[in-house]
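Here is the structure we will look at.
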Amino acid sequence: MQTVLNLLEQEPLRFILAFGAILFLTLNLAAVLTMAERKVSAYIHLRYGPNRVGPRGILQPLADVFKLFTKENVSPNRADRWIFLAAPIAMFLPAAVVWLVIPFAPGAVVADINVAILFFVAVTSIGALGVIMAGYGSRSTFSLLGALRGAAQMISYEVPLILSLLGVVVLAGSLSFVDVVEAQAGGFWNWYFLPLFPTFLAFYISGLAEVKRVPFDLPEGESEIVGGFMIEYSGMTWALIQAAEFAGMGLMSAITTTLFLGGWQPPFEFLDLGQFNWVWFGLKTALIMFTFQWIRWSIPRLRMDQLMDLGWKVLVPLTLVWLVVVAGVMLIV
Amino acid sequence: MAVRLPEGALEDRLERYLEGFRNRHGLEESEVVGNTVRLLVSPEAVPAVLTTAREELGVLHLSYVTVVDRMGSFEITYELADLRGGQVRVKAVVEGEEPVIGTVTHIYPTANWHEREAYDMFGVAFAGHPDLRRVYMWQDHFDHHPLLKSFEINTRRTFEGLR
Amino acid sequence: MLSEERNIESVALSGRETGRLTDPDIRDEFGLETMDMNMGPQHPAMHGLLRLILELDGETVVRCDPVMGYLHRCQEKIAENRMYPAVIPLTDRLDYFANMHNEHGYCLAVEDLLEAEIPPRAEHIRVLMSELMRLASHIPSIGFLLLELGAFTPILYSFRERERIQNIFEAVTGARMMYHYIRIGGVKADLPPGMEDQIWEYIEGLEQRFTRDFVDLIAGNEIFVSRTRDIGKMSPEKALEMGLTGPPLRCTGVDFDVRRDYPYSIYDELDFDVITDDAGDVEASYRVRIGECLQSIRLIKQLLERMPEGEVMGKVGRRVRPPEGEGFSRIESPRGEFAVHIVSDGSDTPYRVHYRDPSFANMQLLQEIVPGHYLPDIMPIMGLIDPVSGGWDK
């Protein structure tokens with residue numbers, strides 16, 4: 001038994017296994033989040049939501065996945081076939097890979113790299129490429145519009161996203177997620193969302209825009225361009241895009257938790273659960289995800305020009321000013 | 001509000017409309033029934049009469065344009081409303097199988113689609129209409145005008161050439 | 001006036017003002033082209049089956065050409081081959097969000113031909129049903145507007161109210177959607193026992209939750225305001241020129257309501273206000289619809305209070321055979337002025353029936369005001385007009 005465990009500690013094998021586990025987690029996360037989304041929306045709409053498959057409908061995701069697996073994968077006649085088929089993968093993989101650097105609990109991180117924040121920024125940008133591939137590859141006016149909107153939006157909102165990350169980097173003095181979490185130890189008043197509150201808001205809003213959730217779901221815009229870049233997808237390719245969206249949403253919640261809400265740190269010292277601190281991480285991430293869904297079902301969508309105005313005229317100056325303030329304070333203290 | 005709607009008692013207004021039309025145009029028939037001024041004019045006079053209605057008398061609203069196929073002649077009705085209880089019904093009779101009448105879109109822009117509908121359903125050509133296309137029926141391969149009395153409901157003949 | 005040159009010129013003007021359209025010189029220099037796009041007929045925001053041929057410069061609409069006829073049944077031709085009473089169920093299929101108004105308008109036109117007497121109770125029930133129908137149509141159209149802006153929840157809240165009103169209709173007429181209730185000479189049947197109390201109870205409840213559900217949750221929302229204010233802006237002259245009626249006309253400030261200006265049934269005995277707004281944009285039309293819902297509630301209360309006893313069917317023979325002549329009626333449907341023009345030749349069947357549907361007339365606005373707006377602004381403009389497929393396609 002011990003030999004097996006020791007073997008699992010061996011570097012290439014450990015990494016491959018961990019990566020498999022992360023893939024499994026993200027794919028399941030999509031299923032769980034779909035279910036959560038449907039239930040949350042149902043409660044907001046004063047209806048029941050799915051309640052037929054299994055007790056209180058909790059097996060609904062299984063039925064959904066089975067349906068999607070058995071559906072035909074239709075691709076348009078004039079589509080650029082390889083780009084069309086590669087796009088969902090190009091969208092899903094970045095979202096899954098970033099999970100590798102997130103610390104779930106003390107010592108529970110697949111790859112503790114010292115430039116994790118940079119890694120996160122670099123890899124999530126690839127997601128925009130997937131959107132462009134999907135929109136361009138399906139060769140439809142609607143998906144082209146959706147892809148262009150998606151590209152413009154994701155690239156614009158990278159800027160406030162990165163600028164708000166810099167505040168955290170300045171405070172923690174490190175680019176590693178593990179260091180950032182450890183710097184926030186000792187109760188919730190040490191978490192970064194308090195000193196960096198404007199930055200936290202900017203990060204949250206740009207995070208919403210990065211994962212294309214309402215009110216920034218313009219690339220999909222189901223009432224104007226009917227699904228946007230994913231209009232031509234069906235069956236498993238569509239399911240993969242959905243999984244990518246939900247994995248991205250979970251990822252953004254996890255990153256927000258890690259950077260601003262203390263990661264796996266408990267809110268009070270006496271609530272420290274040791275190895276089981278992943279419960280705190282999970283709870284905080286779930287809370288952020290719930291607010292994403294709450295917003296999704298409460299407010300209408302912005303228009304493209306208003307979206308750009310918000311990004312460049314409000315969020316970028318806000319984060320820049322607060323970055324200067326934080327840096328100045330750090331210099332003096 | 002920039003728009004001035006007509007004022008005054010309904011009877012006076014109807015009388016004013018009737019006088020206004022009678023003084024300016026040669027009308028074939030004209031009378032006031034209830035709250036309606038009914039006019040029968042020659043087809044050539046229709047645009048002029050409607051110009052009078054809008055520009056001189058202030059009847060601002062064209063409700064609709066409708067056609068009745070009288071087998072051999074077409075009765076075209078313009079229903080105007082002054083939005084304050086009075087209405088003006090201008091009627092023109094066009095003889096012949098292929099009726100032509102002047103458009104009123106430059107007077108009441110809303111007539112655009114109403115005239116397109118009349119063209120689509122009856123084949124009434126509105127001379128000078130900016131955009132006289134069919135509004136409901138197929139643009140190509142369909143040369144019937146369904147509301148004509150001569151048009152029988154017959155699936156095979158109707159859809160010939162469309163398949 | 002609607003010629004091609006003028007259209008392009010006005011578009012160019014609005015584009016220059018807003019800076020939304022590419023400068024023609026730049027376009028020539030870089031060889032830029034506009035993109036043609038087909039929106040519909042299968043499109044979730046098109047209120048049925050409508051196809052818009054759009055020409056886009058980036059996301060700005062240069063040209064918008066509505067194509068209709070995907071739901072055309074040629075109702076007017078079918079009506080020519082049916083006896084007078086048998087046309088009523090067809091009118092239900094016209095504007096299927098305001099069926100009672102269509103029935104009401106058609107019956108009024110036939111009664112105009114027959115010069116029939118309607119018992120007062122029947123008139124009251126007709127107006128009561130019409131006003132309930134107006135609520136059942138206005139409340140979901142607020143929901144549709146929000147749905148098209150991307151907020152999903154209000155549509156479900158509004159359909160909850162429509163469901164409850166449909167329950168009332170089911171109890172009264174026996175059907176939830178295609179009622180066939182208003183007949184020539186009166187209505188099909190009296191209200192079931194206890195129905196008046198039930199309607200009163202529902203209206204009281206609705207009055208209490210109306211502001212909470214449809215005003216407080218929506219009106220002040222920053223995104224809603226930014227998406228609707230100054231969108232689809234038009235002057236009262238423009239609105240009259242385009243032949244608009246109903247809420248799209250009243251939101252520009254023209255004080256016209258068929259119920260007050262051309263009173264039919266018993267509207268001249270009832271007390272209500274005509275709601276107008278000066279802004280003439282999508283937000284104003286939303287406010288007008290909210291105000292009209294409250295007026296409908298007021299009207300329904302008055303009707304229930306003064307509901308007389310008596311017959312519900314006038315003395316019209318089973319076989320309707322009007323004299324030769326023309327029958328005409330004009331009523332205020334939730335979307336605007338609904339008019340019916342019937343020509344009779346003295347036989348059992350109408351010689352010609354013409355429906356003037358408000359959706360059809362109001363839709364002309366699309367090709368006039370959409371150019372110069374962004375593509376996503378088409379949806380709130382559709383919400384401003386609020387057309388119904390069965391209405392514009394007859």
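For an R0 of 25 angstrom, estimate the FRET efficiency from the Cβ-Cβ distance between residue C:115 and residue B:31 and round to the nearest 0.05. Please list the in-between numbers first.
Numbers: r = 18 Å, r/R0 = 0.73.
The formula returns an efficiency of 0.85 here.
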* What spacing in nm lies between the two simple spin-label points modelled at residue A:194 and residue A:28, each 7 Å away from Cα in the Cβ direction? -> 3.5
* **Cα-projected label distance for residue B:48 with residue A:13, points at 7 Å along beta-carbon direction, nm** => 10.4
* By how many degrees, between 0 and 90 and to the nearest 10, does the Cα long axis of helix C:153-173 differ from the longest principal axis of chain C? -> 20
* To do: Treat each spin label as a single point 7 Å out from the Cα along the C-beta direction, and report the residue C:38 to residue B:127 distance in nm.
  => 3.7
* To do: Return the FRET efficiency for the residue pair residue A:141, residue A:67: r is the Cβ-Cβ distance, R0 is 51 Å, and the value is rounded to the nearest 0.05.
  => 0.95
* **Above-threshold pairs, the threshold being 31 Å between Cα atoms, out of A:39/C:394; A:39/A:212; B:91/B:149** => A:39/C:394
* Asked: If the chain between residue A:129 and residue A:308 were fully stretched, how many nm would it gain, using 0.36 nm times the residue separation less the Cα-Cα distance?
  -> 62.5 nm
* Between C:208, C:364, C:295, find the one with the highest GNM mean-square fluctuation for chain C; connect C-alpha pairs within less than 10 Å. => C:208
* Reachable aspartates and glutamates from residue A:313, criterion Cα separation under 19 angstrom, eight or more residues apart if same chain -> A:158, A:210, A:305, C:222
* To do: Could you tell me which of A:157, A:88, A:108 has its Cα farthest along the dipole of the protein assembly as shown towards the positive end, charges placed at Cβ (Lys, Arg +1; Asp, Glu -1), taken about the Cα centre?
  => A:108
* Asked: For a label point 7 angstrom out from the Cα of residue B:19 toward its Cβ, which stretches of the stretch B:35-79 have the backbone nitrogen within less than 14 Å?
  -> B:57
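Relative contact order, percent, of chain A when contacts are C-alpha pairs under 8 Å separated by at least 6 residues?
Numbers: 505 pairs, mean separation 77.8, N = 333.
Relative contact order, chain A: 23 percent.
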* Asked: Looking at the stretch C:96-133, which GluC sites (Glu not before Pro) are in a loop (DSSP not H, G, I, E or B) and have at most 15 other Cβ atoms within 10 Å?
  -> C:115, C:117
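Taking 8 Å as the Cα distance limit and 6 or more residues as the minimum spacing, I'd like the relative contact order of the stretch B:10-158 as a percentage.
On the way: 262 pairs, mean separation 26.8, N = 149.
About 18 percent, as a whole number.
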* Asked: Along the charge dipole of the stretch C:32-165, Cβ charges K/R +1 and D/E -1, which of C:47, C:154, C:58 sits furthest on the positive end?
  -> C:154
* **Geometric extent, Cα atoms of the protein assembly as shown - Rg, Dmax (angstrom)** => 32.1, 113
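Using only alpha carbon pairs under 8 Å that are at least six residues apart, calculate the relative contact order of the stretch A:1-122 and give it in whole percent. Write out the running numbers ahead of the final one.
On the way: 56 pairs, mean separation 23.4, N = 122.
After rounding, I find 19 percent.
Quick check: residue separation of residue C:273 and residue C:167 times 0.36 nm, minus the Cα distance between them. What number comes out in nm? Walk me through the numbers on the way to the answer.
Values: separation 106, 0.36 × 106 = 38.16 nm, distance 2.78 nm.
This chain segment gains 35.4 nm when fully extended.
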* Nearest 10 degrees, 0 to 90: helix C:120-149 Cα axis against chain C principal axis -> 20
* Asked: Going by alpha carbons, how many degrees (0 to 90, nearest 10) lie between the helix axis of B:10-24 and the longest principal axis of chain B?
  -> 70
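Per the helix-only calculation at 222 nm, which mean residue ellipticity applies to chain A, given -39500 (n - 2.57) for every DSSP H run of n ≥ 4 and division by its residues, nearest 500 deg cm²/dmol?
Taken over chain A, the calculation gives -21500 deg cm²/dmol.
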* Structure fact -> So residue C:27 and residue C:73, fully extended at 0.36 nm per residue minus their Cα-Cα distance, gain in nm 12.2 nm
* Among all the lysines, which ones have a C-alpha under 22 Å from residue C:188's C-alpha, if same-chain residues fewer than 8 places away are not counted? -> C:315
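Where a number appears in this text, it was derived from the coordinates with a stated rule and is not lab data. Computed from a predicted structure; not experimentally measured. For neighbour counting, all protein chains shown are included, and Cβ atoms are generated from backbone atoms with ideal geometry for every residue, glycine included.
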